[in-house]
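Undergrad: So that we are looking at the same thing, I have put the structure below in structure tokens.
The values are calculated or read from the model by the stated rules, or taken from the named source; none is laboratory data. No experiment lies behind these values; they were computed from the predicted model shown. Here the Cβ positions follow ideal geometry from the backbone for every residue, glycine too, while neighbour counts run over all protein chains shown.
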Amino acid sequence: MRMNRGLKQEIIDYSKEIGVDKIGFAAADPFVTLKERLRVQQEKGYVSGFEKGTLGERTTPELLLPEAKTVISIALAYPSKMKDAPRSVKGDRRGIFCRASWGEDYHHILRRKLNLLEEFIQKKVTGARSKSMVDTGELSDRAVAERAGIGWSGKNCAVITPEFGSYVYLGDLITTVPLEEDQPLEDQCGSCTKCIDACPTGALIQGGQLDATKCVAFLTQTKTMLPEKYRKKIGNRLYGCDTCQVVCPENKGKDFHHHPEMEPDPEVVKPRLEEVLSMSNKEFKKKFGHISGSWRGKKPIQRNAVIALGVFKEKSALPTLIKLLKEDPRPVIRGTAAWAIGEIEKSSETYQMLEASAETEKDEEVLSEIYSVLNNTQTTLRS
């Protein structure tokens, strides 16, 4: 039995007071169709490995909170445009963090809102129990938001809201309190395939189906050597990818600055690439530790910075890259530096330097990168 609408309205009013941009209510029934979709994703090898929980836990709220009756979905709009963004120019190249990593880590922001909502409900209903999660929890934020009427699930695998487009962070709160549920919105993507067509790596297999292992956002977070076929696709992205959101017609003109803590620091989210490469762990944490894009540590970010310099063919960065190839203790960085050097310059001088590096290098993967560059350089010099 659903509780009276009075409490639901009180929760809605309070959510506005604490800065929640949109809130929706869904029944805590199992997500049956989602479970089947997730099973197919697993069978096809489309999962990233970052997912938490079993298929049952990811689709059955009552496994996470016994006697669950309602799942509340909240959305907070984030900015899509940056003021005073520094330019990336020859001799002073910069990388970029995706919009979802601008400002303070959104996990912290949403958890604070969800904690306040949780406390509010507990004050209103004696004995009420709840469990909240943001992004890294078992439940699919997207499926909950879709059921709760926050937005529809777009072909780009993002929840698209009529008010804010897909530039929203999502959070969930499962509660034992029965509340009247909202109606899902109709899919409004229609025949549009702009996101599918624009995906740099073809990770969007079809509308609403993503091969996470090909997604640039996922690839920027890996810690191993990045397959060569994806390096130029990444460009100067240090973390994440916004392409499928930027091309979406529903996001045209959408730019909201409701939350000061989400505002980007241009020097943080569009940093100088060579400065990123010279950072110690302490310096990295000081500059980037408060943003969500730092969660995997500095190694993937630095690897991506090396790739970016190679993609830019930035000659002024050659001394830095040669130093990394010769001195960096991490094989992934040395190997990537070898590739970037080969992209920037194919000369007899670099050939000799790479030959010398090959003589002292012990790691097979790095040697493979060096020999590949040597072969390409030799072909170029002959021609």
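Undergrad: Given the structure, is TYR106 within 30 Å of PHE288 (Cβ to Cβ), in the same structural domain as PRO66 (by TED's automatic domain parsing), in contact with a Pro (Cβ under 9 Å, 6 or more places away or on another chain) and of a type in the set (Ser, Thr, Tyr)?
TA: Criteria not met by TYR106.
Undergrad: Against the definition (over 26 Å from GLY208 (Cα atoms), among the acidic types (Asp, Glu) and assigned by TED's automatic domain parsing to the domain that holds PRO331), how does GLU228 come out, yes or no?
TA: Taking the combined requirement at face value, the residue satisfies it.
Undergrad: Okay, next question. Considering only residues of the stretch 336-351 that are of a type in the set (D, E, K, R) and either within 12 Å of PHE312 (Cα to Cα) or part of a helix (DSSP H, G or I) (or both), which is farthest from the chain's Cα centre (by Cα)?
TA: GLU349
Undergrad: If you scan the stretch 347-383, which residues turn out to be buried (at least 17 other Cβ atoms within 10 Å of the Cβ) and of a type in the set (D, E, K, R)?
TA: If the condition is that a residue be buried (at least 17 other Cβ atoms within 10 Å of the Cβ) and of a type in the set (D, E, K, R), then GLU361, GLU369 are the ones that fit.
Undergrad: For the stretch 313-323, which residues satisfy the criterion of being assigned to a helix (DSSP H, G or I), surrounded by 22 or more Cβ atoms within 10 Å (Cβ to Cβ) and touching a residue at least 24 places away in the same chain (Cβ under 8 Å)?
TA: ALA317
Undergrad: Additional query: In the stretch 255-297, which residues are part of a helix (DSSP H, G or I) and hydroxyl-bearing (Ser, Thr, Tyr)?
TA: Across the stretch 255-297, the qualifying residues are SER292, SER294.
Undergrad: Still on this structure, I have one more. What number of residues in the stretch 227-251 are part of a strand (DSSP E or B) and closer than 23 Å to LYS90 by Cβ?
TA: Result for the stretch 227-251: 2.
Undergrad: Same structure, new question: Of the residues that sit in the stretch 182-213 and are of a type in the set (D, E, K, R) and modelled with pLDDT under 95, which one is surrounded by the fewest Cβ atoms within 10 Å (Cβ to Cβ)?
TA: Among them, the one singled out is GLU186.
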